Amino acid sequence: MQDQPTLFIFGTAAGTCRQIDVLISGSIAEGWQTYTVATPNVARIVAPDHLFAQPGNHWISDYEQPPLDVFPFGTMLVAPCTFNTFNKLAHGIADNLATSMLADALGAGCPIFIAPSMNPGLWNHPQTRESYQRLTSWGCSIIDPQISDTRVIMAPIADILSRLREHFARH
C-alpha cells in the first residue's frame, strides 16, 4: 500500500505492556508507518492513551477507523502476547478488534511476529506448546521470551526491533 514499511503493533495485557511505548517509539524512529491496537484488558494494566498517544503513531481503537477499510496489509507484531491471546490466535478466535485483525491478517498471508509474555506455568502449559507449533506451521514467527524459574517475559525491545529490521530488509 505504501513505500514505507508498515507495522501494526498489537499490545495485550501482560505486565510488559507497560513498555509498549518504547516499542512504538522505536518503530517510529525506524521510519516504519506505525499503527497500534490494544486488547480490551490492556486498560487493566495501564491507560492505553498514555501508551499509544505518540506523535507518528496511529492508534486504532474502533472497527470504523482507517485504514481498516483497506486492511489487511503490512507486518503484524503481537508484543507482548499473553497466554490468552496466543491461544486465541492458534484457534482462530476473533472476539475483539485485535484478534479479529490478526485473524484477518493471518488468512491474508501477512507476516506475523509474536513476542510471548506469560508466567512459567502458562508457558509450559500443553496448550501453549500446541499453539506454538500450530502458529509456526502457519508461518508466524515467534520471538522467544526471556525465561527464568519465575518469569517468562517478552524479549527485549531491542531484540524485537532487530528481528523486524531484518524482516523489512528482506522485503
Within-13-Å neighbourhood charge of ALA79 [Cβ basis; K, R +1; D, E -1]
-1
In a solvent-free Debye calculation with one equal scatterer on each Cα, what is log10 I(q)/I(0) for the range 120-171 at q = 0.13, 0.17, 0.30 Å⁻¹, listed in the order of the q values?
-0.40, -0.65, -1.12
Among SER61, HIS91, THR75, which residue has its Cα positioned farthest towards the positive end of the charge dipole of the range 1-111, with +1 placed on the Cβ of Lys and Arg, -1 on the Cβ of Asp and Glu, and the dipole taken about the Cα centre?
HIS91
Expressed as a percent, the portion of alpha-carbon pairs in the range 87-156 spaced more than 16 Å apart is 49 percent
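Which percent, nearest 5, of DSSP beta bridges in the chain are antiparallel? Numbers along the way, then the final one.
Numbers: 3 of 22 bridges.
DSSP beta bridges in the chain are roughly 15 percent antiparallel.
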On the formula 1/(1 + (r/R0)^6), with r taken between the Cβ atoms of HIS91 and GLN146 and R0 of 25 Å, the FRET efficiency rounded to 0.05 is 0.45
How far, in degrees from 0 to 90, does helix 97-108 lean away from the longest principal axis of the Cα atoms of the chain, to the nearest 10?
80 degrees
First check a/c for the chain, with a ≥ b ≥ c the square roots of the eigenvalues of its C-alpha gyration tensor; if it is under 1.5, answer rounded, and if not, answer prolate when a/b is larger than b/c or oblate otherwise.
rounded
Let me check I've understood the local charge: for TRP123, count other residues with C-beta under 14 angstrom from its C-beta, Lys and Arg +1, Asp and Glu -1. What total comes out?
-1
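Once you have the alpha carbon radius of gyration of the range 1-60, what is it after dividing by 2.2 N^0.38 Å, with N set to its residue count? Don't jump to the answer; show the numbers that get you there.
Working: Rg = 11.2 Å, N = 60, 2.2 N^0.38 = 10.4 Å.
Computed over Cα atoms of the range 1-60, the ratio equals 1.08.
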Taking only Cα atoms and a 10 Å spring cutoff, compute GNM fluctuations for the chain and point out the largest among ASP144, ASP159, ASP49.
ASP49
With +1 on each Lys and Arg Cβ and -1 on each Asp and Glu Cβ, and nothing else charged, work out how big the dipole of the chain is about its Cα centre, in Debye to the nearest 20.
440 debye
Just need the relative contact order of the range 1-114 here, percent rounded to a whole number, with Cα pairs under 8 Å and 6+ apart.
32 percent
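Since every read-out is calculated from the coordinates, none of them should be taken as a lab result. No experiment lies behind these values; they were computed from the predicted model shown. Note that each Cβ is placed from the backbone with ideal geometry, even for glycine, and that neighbours are counted across all protein chains shown.
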